[in-house]
Every structure is written in structure tokens, then in C-alpha cells.
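Engineer: Just dropping this structure here.
The values are calculated or read from the model by the stated rules, or taken from the named source; none is laboratory data. The structure presented is a predicted model; accordingly, all values stated were derived computationally and were not measured. Please note: Cβ atoms are built from the backbone with ideal geometry, for glycine as well, and neighbour counts cover all protein chains shown. Note: areas computed on protein heavy atoms with side chains; ligands, DNA, RNA excluded. Shrake-Rupley method; radii C 1.70, N 1.55, O 1.52, S 1.80 Å.
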Amino acid sequence: MTRIGINPARGGSAARLPARVTVAILTYLPSLDGYFAQRLEVLKLALASLKAHTSLPHDLFIFDNGSCATVVEYLNNLKTAGQMDYLLLSQRNIGKIDALRVLFNAAPGELIAYSDDDILFYPGWLEAHLEALDAYPRAGMVSGAPLRGGASHAMRSLEALASAGVPGLELRRERLIPDDWERDWALSTGRDPQAHLAETRDQLDLALRLKKPDGSGFVETIGGANHFQYLTPKQTILKALPSDWTGRLMGWMIELDEAVDRLGYLRLSTAQRFTRHLGNRLPPEIVQEAERLGLLDLNAALLAPGAVERQRKKSWLLRLPGSRRLFHATYKRLFDLLYN
């Protein structure tokens, strides 16, 4: 006989059905030095904020895209401790857009709340996202961090909505997004904050105010979304993803935004900031924000000595004309050799 007895699960049913929302996070920390020296602390802070500030039912699904052994061990320990519902590990980095294809197809929920692994979540973030997504039948992406960069492309669906004259919808163009939010984003992405503000000083925001069906108030949003964090219907985002493997380590994010827009779906952001991009470091202001939110108590080792960035004087080498460009090109080449 090739089998002894009957599988005890036969005829049974799943103990728990998937939640409507799958919170899906993509991680990639190939090392813990250089660019990635503080990335594990950033990841811990992101997950601590998610745990503390997500009160609605959800499943947490993390796809690790080829991180180093220390990070994989950390994620496995979280799963063993019951801190996540699904963990998928890749032996190698398959690139961001192709990893999203794997992650989004595997997500069990009707809605996917996607996030990069360096996002800070504020209280009420998921409630605000769901309110906006449910209010607009053609909403394809709802982000929690309104940014002017998210409204600089893939806006045809919003422009069509603006000209359609939808009952109960008010639209206006004015400068609503605070400069502080734009400055924070510029710093977290390695941009010059003053240069960024100067580039966008004449750009107005598209504000949308939609009357709720029950007449109890309005749902306020801002036109445009970002692709580092958003809530989306699973079937919508799957249609927007490339149908074939791209083989690209990075990129294809603007194309994803444009694909959602071409399908006729709106890209929106909450009017208030419910999520924040952190980047690859923990400067003092982020540590203070985490402290204000009570997140450090969730993980006493989160900001161990040396984890917080120390301000250092700029090396004399970086003051040489053209040195930054040369060093950046050299670093990129070494990074490709080490991790590609």
C-alpha cells in the first residue's frame, strides 16, 4: 500500500476566511551596511507603526525579495510569533515590478493595501483609505501621502471626471499640500528640499469633495497617487501589471500608474497625511515622531545605540567639484556587482 489511513483534513473547512484587505509589503535588504546600514531599523519602525495603527480586520502578507540572512531570520521570527499571516521568501531579487506580480496574484484579499518596506503609518490610515476607495466607484489607487509628484502624470481619468460634472462632486485647484510634507518627502528620497519646493512652487493641487450618499458629509481627496503606498482593488491592479516578466530590477512604477489611468481608474490621495515615506535612515526628527506616537515602546531594541543617524561634517572629498557624481557612479557599479 502507498498510503496508510486518510488525511484528517479531508472534508474539513478552512478555520478562517481571508480578510477583505490584504496588507502587502515588499522587502529587500540585501545587506546591513552602506546604503542599507539603517534599513532594518527602518523596517522595524514601519512594521511597529502598522501594528499599532491598523485596527480594521486585515491579513499581513510580506514578500521578501532576496534579503540577507539576518533580515530573513527576523521575518521568520515575526511569522513564528504570529505577527503576520503570510510570508513568501525569494532566494534572489527578481526585481520590483515582477515581485509585485507574484505578491499581488498571491494576495487573498479583495483589496490590496500595498506598501514599500519604509513607510510610517499613522492612526486611522486604513479607515481613511477605505472611505475614499468606496466613495469613488472608479478609484484604482488611493494613497495616504498626498504629494505633488503623484499628480504630475497619469491624470487623464481625473481630468475626464472633472469635465463630466458628477452630481455631488466639487472640484477646485489650489495649493493645499503643505510644504512641510513635500520637504519631508524630498529628504526621504535624497532630493534637495529647497530645489524641490522651487520646482513645484507654481503647481496647484486638484481637490475633490464628494458628497456622501447618505448626506452625512463629504469625502475629501486630492488628485494623484504615489506608487510607494496605496490601497487598490486586486482585480484592478492585476490588469495594470505587465503580462510578462520584465527582468528589470527597478523601474516600471510610472508605467504602472499610467496603466491604471489608461484603464479608466482614478488615482487619488487622502486629503490628510496618513502615511509617510521614511527612506533608508532614521534622522532625529523621525525618532522624535516615533517617540511621539509611542512606537518605541513596542520594540525596545528598535533604536539601539548607533541606530540613529549621527550628523557628521561633510568630507573634504565631497567638496571637490564633480566628486559626488564620480562616487555615485562608482557606488552604483559596485552595488550592481554585489547584488545584481
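Engineer: Could you give every pair whose Cβ atoms fall below 8 Å, whose first residue belongs to region 173-185 and is without any contact (Cβ under 8 Å) to a residue 40 or more places away in the chain, and whose second residue is open to solvent by 60 Å² or more (accessible area, probe 1.4 Å), counting only separations of at least 6 or pairs across chains?
Structural biologist: Arg173/Leu204; Glu174/Leu204; Arg175/Leu204
Engineer: While we're here: Which count do you get for residues in region 198-219 that are without any contact (Cβ under 8 Å) to a residue 24 or more places away in the chain, under 17 Å from Ala132 (Cα atoms) and either open to solvent by less than 70 Å² (accessible area, probe 1.4 Å) or of a type in the set (Lys, Arg) (or both)?
Structural biologist: Summing the residues that are without any contact (Cβ under 8 Å) to a residue 24 or more places away in the chain, under 17 Å from Ala132 (Cα atoms) and either open to solvent by less than 70 Å² (accessible area, probe 1.4 Å) or of a type in the set (Lys, Arg) (or both) in region 198-219 gives 2.
Engineer: Taking region 58-81, which residues are over 22 Å from Glu110 (Cα atoms) and in a loop (DSSP other than H, G, I, E, B)?
Structural biologist: Asn65, Gly66, Ser67, Cys68, Ala81
Engineer: A follow-up question, please. I need the full set of residues from region 105-114 which are surrounded by fewer than 21 Cβ atoms within 10 Å (Cβ to Cβ) and not in a loop (DSSP other than H, G, I, E, B), in order please.
Structural biologist: Start the filter on region 105-114 by keeping residues that are surrounded by fewer than 21 Cβ atoms within 10 Å (Cβ to Cβ), which leaves 105-106, 108-110.
The answer is Asn105, Ala106.
Engineer: A follow-up question, please. Kindly evaluate Val166 against the criterion of being among the β-branched types (Val, Ile, Thr), open to solvent by 50 Å² or more (accessible area, probe 1.4 Å) and outside any helix (DSSP H, G or I). Working first, answer last.
Structural biologist: Values: among the β-branched types (Val, Ile, Thr): yes; open to solvent by 50 Å² or more (accessible area, probe 1.4 Å): yes; outside any helix (DSSP H, G or I): yes.
So Val166 passes the test.
Engineer: I need a count of the residues in region 151-163 that are open to solvent by 40 Å² or more (accessible area, probe 1.4 Å), of a type in the set (A, V, I, L, M) and within 24 Å of Gly215 (Cα to Cα). Give the derivation first.
Structural biologist: Filtering region 151-163 down to residues open to solvent by 40 Å² or more (accessible area, probe 1.4 Å) leaves 152, 156, 159-160, 162-163.
From the residues that got through so far, the ones that are of a type in the set (A, V, I, L, M) too are 160, 162.
From what's left, within 24 Å of Gly215 (Cα to Cα): 162.
Counting residues in region 151-163 that are open to solvent by 40 Å² or more (accessible area, probe 1.4 Å), of a type in the set (A, V, I, L, M) and within 24 Å of Gly215 (Cα to Cα) gives 1.
Engineer: Count, please, the residues in region 126-150 that happen to be over 13 Å from Thr232 (Cα atoms), open to solvent by less than 10 Å² (accessible area, probe 1.4 Å) and either among the basic types (Lys, Arg) or assigned to a helix (DSSP H, G or I) (or both).
Structural biologist: Adding up the residues that qualify gives 2.
Engineer: Which of the following residues is of a type in the set (Asp, Glu), over 23 Å from Ala46 (Cβ atoms) and not in a helix (DSSP H, G or I): Asp261, Asp244?
Structural biologist: Matching residue, one of Asp261, Asp244: Asp244.
Engineer: Give me a count of the residues in region 5-48 that are at pLDDT 75 or above, surrounded by fewer than 15 Cβ atoms within 10 Å (Cβ to Cβ) and not in a helix (DSSP H, G or I).
Structural biologist: Residues of region 5-48 at pLDDT 75 or above: 16-48.
So of that shortlist, the ones also surrounded by fewer than 15 Cβ atoms within 10 Å (Cβ to Cβ) come out as 16-17, 20, 33-35.
Narrowing further to those that are not in a helix (DSSP H, G or I): 16-17, 20, 33.
Selection size over region 5-48: 4.
Engineer: State all residues of region 86-103 that are part of a strand (DSSP E or B) and either open to solvent by less than 40 Å² (accessible area, probe 1.4 Å) or of a type in the set (Phe, Trp, Tyr) (or both); if no residue qualifies, say none.
Structural biologist: Let us first name the residues in region 86-103 that are part of a strand (DSSP E or B), namely 86-89.
Answer for region 86-103, where residues must be part of a strand (DSSP E or B) and either open to solvent by less than 40 Å² (accessible area, probe 1.4 Å) or of a type in the set (Phe, Trp, Tyr) (or both): Tyr86, Leu87.
Engineer: Also, I was wondering about something else. Can you work out which of the residues in region 228-282 that are in contact (Cβ under 8 Å) with a residue 40 or more places away in the chain and among the small types (Gly, Ala, Ser) is surrounded by the fewest Cβ atoms within 10 Å (Cβ to Cβ)?
Structural biologist: Of everything passing the filter in region 228-282, Gly247 is surrounded by the fewest Cβ atoms within 10 Å (Cβ to Cβ).
Engineer: Shifting gears a bit: Among the residues of region 169-197, what is the count of those that are within 20 Å of Gly217 (Cα to Cα) and open to solvent by less than 50 Å² (accessible area, probe 1.4 Å)?
Structural biologist: Count: 1.
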